[in-house]
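Asks: What follows is a structure written as structure tokens; I'll ask about it next.
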Amino acid sequence: METARALADAGAAVVLGVRNVDAGKRAAARISASTGNQDVSVAPLDLADLRSVREFGDVWSGPLHMLVNNAGIMAVPDLELTPEGHELQFATNFLGHFALTTGLHASLAAANGARIVSLSSNAHMFSPVIFDDLDFLIRPYDRWSAYGQSKTADVLLAVEATRRWSQEGIFANALNPGAIATGLQKHTGGLRTPADKRKTPAQGAATSVLLAASPLVEGVGGRYFEDCNEAPVLQRKPVMFGGGVAPWALDADNAERLWDTATELLG
């Protein structure tokens, strides 16, 4: 919501894709009231339901300049599968966003300079993408490995989208927003991050807004940012809350393989 508010305050026409339309309308009204921007609307969108994603894309019209892939769930306690048979965190955090992004490709290209913002997490360090068992059908389910895999996938989405679409003026970047107390922590009993590493919603949204709208990153893509700067690629064992990006999350071969795999999964 803070990301949407900041972009609306800068003059953007904002569409909130939400599961709960009534809650979305209340959020849109608050954003309009605080920014004076009346061009804030709501559309139904459930990233865990591929039919909902297709319907959102089917009714979209006109160019799309900024796509912020922000939805997410974290640390689902037990293995849950979507109706299509995909592990819920991978399906929501990555596969739904992949379907949304590819479904809106023509509108992004029509913008003649579009940006895709893919929200990842420091937790991408928990796991690379395990291509041979994406849905934990063989290996024991671990909620943090599942979350980490989905967040690695979000970075790889930005890498491959930029490679495939940059000639059309479409650039994608991923980011770690940081630790912000929101509903994301409903399965963890609240925020567990050390107090000095925590952010307010506005601070957490800052890097998303930078990547969506700042001229400082025009023509930049396929990278991972945190604290409004490009993060260093780690050459050592990752440290939780230590920052940086794991090499597997920026690997071009992994990115291409994941794109092809996701395309097959979507049929």
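The values are calculated or read from the model by the stated rules, or taken from the named source; none is laboratory data. Nothing here was measured: the structure is a model prediction, and the numbers come from that model. Neighbour counts are summed over all protein chains in view; Cβ atoms, including those assigned to glycine, are modelled from backbone coordinates with ideal geometry. Remember, those area values only see protein heavy atoms, side chains included, never the ligands or the DNA or RNA. Shrake-Rupley method; radii C 1.70, N 1.55, O 1.52, S 1.80 Å.
Asks: If a residue must be farther than 23 Å from Ala109 by Cβ and either of a type in the set (D, E, K, R) or open to solvent by less than 40 Å² (accessible area, probe 1.4 Å) (or both), how many such residues does the range 30-51 contain? Lay out the reasoning, then the answer.
Replies: So the first thing to find is which residues in the range 30-51 are farther than 23 Å from Ala109 by Cβ, and the list is 30-38, 40, 42, 44, 46, 48-49, 51.
Of the ones still in play, those that are also either of a type in the set (D, E, K, R) or open to solvent by less than 40 Å² (accessible area, probe 1.4 Å) (or both) are 30-32, 35, 37, 40, 46, 48-49, 51.
Counting residues in the range 30-51 that are farther than 23 Å from Ala109 by Cβ and either of a type in the set (D, E, K, R) or open to solvent by less than 40 Å² (accessible area, probe 1.4 Å) (or both) gives 10.
Asks: Is it the case that some residue within the range 142-162 is open to solvent by less than 30 Å² (accessible area, probe 1.4 Å) and assigned to a loop (DSSP other than H, G, I, E, B)?
Replies: No, because not a single residue in the range 142-162 is open to solvent by less than 30 Å² (accessible area, probe 1.4 Å) and assigned to a loop (DSSP other than H, G, I, E, B).
Asks: Would you check if Asp253 is open to solvent by 80 Å² or more (accessible area, probe 1.4 Å), at pLDDT 95 or above and either touching a Pro at 6+ places or on another chain (Cβ under 9 Å) or under 28 Å from Asp133 (Cα atoms) (or both)?
Replies: Values: open to solvent by 80 Å² or more (accessible area, probe 1.4 Å): yes; at pLDDT 95 or above: yes; either touching a Pro at 6+ places or on another chain (Cβ under 9 Å) or under 28 Å from Asp133 (Cα atoms) (or both): yes.
Yes: the conditions hold for Asp253.
For (1) closer than 23 Å to Asn254 by Cα; (2) open to solvent by less than 20 Å² (accessible area, probe 1.4 Å); (3) touching a Lys or Arg at 6+ places or on another chain (Cβ under 8 Å); (4) β-branched (Val, Ile, Thr), each residue gets a yes or a no:
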| residue | (1), (2), (3), (4) |
| --- | --- |
| Ala28 | no, yes, no, no |
| Glu55 | no, no, no, no |
| Val59 | no, no, no, yes |
| Leu64 | no, yes, no, no |
| Glu87 | yes, yes, no, no |
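Asks: For the range 124-141, what are the residues that are without any contact (Cβ under 8 Å) to a residue 40 or more places away in the chain and open to solvent by less than 60 Å² (accessible area, probe 1.4 Å)?
Replies: Going through the range 124-141, the residues without any contact (Cβ under 8 Å) to a residue 40 or more places away in the chain turn out to be 126-127, 130, 132-133, 137-140.
Once the filter is applied, which keeps residues that are without any contact (Cβ under 8 Å) to a residue 40 or more places away in the chain and open to solvent by less than 60 Å² (accessible area, probe 1.4 Å), the range 124-141 yields Ser127, Ile130, Asp133, Arg139.
Asks: A follow-up question, please. Does at least one position in the range 3-13 carry a residue that is more than 15 Å from Val209 (Cβ to Cβ) and either in a helix (DSSP H, G or I) or in contact with a Gly (Cβ under 9 Å, 6 or more places away or on another chain) (or both)? Quick ask: steps written out before the conclusion?
Replies: Going through the range 3-13, the residues more than 15 Å from Val209 (Cβ to Cβ) turn out to be 13.
Going one step further and asking which of them are either in a helix (DSSP H, G or I) or in contact with a Gly (Cβ under 9 Å, 6 or more places away or on another chain) (or both), we end up with none.
No, the range 3-13 contains no residue that is more than 15 Å from Val209 (Cβ to Cβ) and either in a helix (DSSP H, G or I) or in contact with a Gly (Cβ under 9 Å, 6 or more places away or on another chain) (or both).
Asks: Here is a further query. If we scan the range 20-35, do we find a residue that is assigned to a loop (DSSP other than H, G, I, E, B) and without any contact (Cβ under 8 Å) to a residue 40 or more places away in the chain? Working first, answer last.
Replies: Step one: of the range 20-35, the residues assigned to a loop (DSSP other than H, G, I, E, B) are 20.
Filter once more, keeping what is without any contact (Cβ under 8 Å) to a residue 40 or more places away in the chain: 20.
Yes, because at least one residue in the range 20-35 is assigned to a loop (DSSP other than H, G, I, E, B) and without any contact (Cβ under 8 Å) to a residue 40 or more places away in the chain.
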